[in-house]
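Encoded as structure tokens, the structure appears first; notes follow it.
The values are calculated or read from the model by the stated rules, or taken from the named source; none is laboratory data. Bear in mind that the values here come from a model prediction, so they are computed numbers and not experimental data. FYI the Cβ positions are ideal-geometry reconstructions off the backbone, even for glycines, and counts take in every protein chain you see. When the accessible area is computed, the model is the full protein with side chains, heavy atoms only, and any ligands, DNA or RNA have been set aside. Shrake-Rupley method; radii C 1.70, N 1.55, O 1.52, S 1.80 Å.
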Amino acid sequence: MTAEPPRAAATPRRSRKAETQQRDSATTARAGGRRAPRLSYEDWVDGALALLAREGPAALRIPRLCAELGVTKGSFYWHFDDIGRLEEAMADHWITTQGRVIADLAAVDSIPVEQRIEAMGALLVERNWLVEATVREWSRTRPQVADGVRELDRQIFQVIQSALAELGFDPEAARLRAGAMVYLGIGFIHGHDSLPTPTPEQINTVLALLTAPERS
């Protein structure tokens, strides 16, 4: 079974304000003025995602992030014009990372299809649901994030549908069951605050029902 490689997420475009500040700061640093910030663009994204996973969306404030990373606001504005730009970068990074995980798993043909499906189910438990729920919430108001979420869902659906076809389901049955699995995963993400978190064994039980051979 092969899966389409994940599409590279577009890096959120820095505003002219942020680009001008970065260019002017670099010129000053070369002229012997203040040093350029040491944190990279990726450092900020990784640090913000870690803070989001630990404390939730309310923690994503510029002063809180600067305190967490031990830098000044100037370091933040070196890379981003506002918190919305950082959130888009976080979403792009998360979507791209998840897409690679799914594609890598689907590409391992040496693993029996039943084990690949089981591994996909395990991802529901291992993924950070708070981060994913937040990214999906951002997608409601940010077209770029929404495009990435749709692409990831489409990729997950295609991988599951192909696995079910390997198990012997006809195209229509594979499509319906793959859709049920994807919606099941999205439901787990949005329901984890109000419903009991399923264990890996419980998820495997549900997957077993959806992958059981059809009765003739």
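Here residue 54 sits with roughly 140 square angstrom of accessible surface, probe radius 1.4 Å.
Quick check on the range 144-198: take the gyration tensor over C-alpha atoms, sort the square-rooted eigenvalues as a ≥ b ≥ c, and tell me if it's rounded (a/c under 1.5), prolate or oblate. Oblate shape, in that a/c is at least 1.5 and b/c is the bigger or equal ratio. Heavy-atom accessible area with a 1.4 Å probe sorts 94, 44, largest first, into 94, 44.
For the range 62-216, the per residue solvent-accessible surface stands at 51 Å², with DNA, RNA and ligands left out and a 1.4 Å probe. Kirkwood hydrodynamic radius of the range 93-153, from the reciprocal of the average inverse Cα-Cα distance over all distinct pairs: 12.6 Å. Working value for the range 55-99: equivalent-ellipsoid semi-axes of 20, 13, 9 Å, each the square root of 5 times a Cα gyration tensor eigenvalue, largest first. Here the Karplus relation 6.51 cos²θ - 1.76 cosθ + 1.60, evaluated at θ = phi - 60°, turns the backbone of the range 143-150 into coupling constants of x, 5, 5, 4, 4, x, 5, 4 Hz, with x for every Gly and Pro.
With a Förster radius of 41 Å applied to the C-beta separation of residue 212 and residue 141, the computed FRET efficiency comes to 0.55.
Identify the residues of the range 42-80 with backbone N under 16 Å of a label point that sits 7 angstrom from the Cα of residue 101 along the Cα-to-Cβ direction, or state none. In the range 42-80, the label zone of residue 101 (backbone N under 16 Å from the point 7 Å along Cα→Cβ) covers 46, 49-54.
With every protein chain in place and a 1.4 angstrom probe, the accessible-area ranking of 190, 93, largest first, reads 190, 93. Taking a ≥ b ≥ c as the square roots of the eigenvalues of the Cα gyration tensor of the range 111-210, is the shape rounded (a/c under 1.5), prolate (a/b larger than b/c) or oblate? Taking the square roots of the gyration eigenvalues as a ≥ b ≥ c, the range 111-210 is oblate. With a 1.4 Å probe rolled over the protein heavy atoms of all chains, the accessible area of 193, 81, 46 falls in the order 193, 46, 81, largest first. What the phi angles of the range 87-94 give under the Karplus curve with 6.51, -1.76 and 1.60, with θ = phi - 60°, is a coupling list of 4, 5, 5, 4, 5, 4, 5, 5 Hz, glycine and proline written as x. Computed over protein heavy atoms with a 1.4 Å probe, the carbon and sulfur contribution to the accessible area of the range 122-200 reaches 59%. Distance between the 7 Å Cα→Cβ label points at residue 72 and residue 42: 2.7 nm. Calculate, in whole percent, how much of the Cα-Cα pair population of the range 79-118 lies beyond 15 Å. Every Cα pair in the range 79-118 considered, those over 15 Å come to 56 percent.
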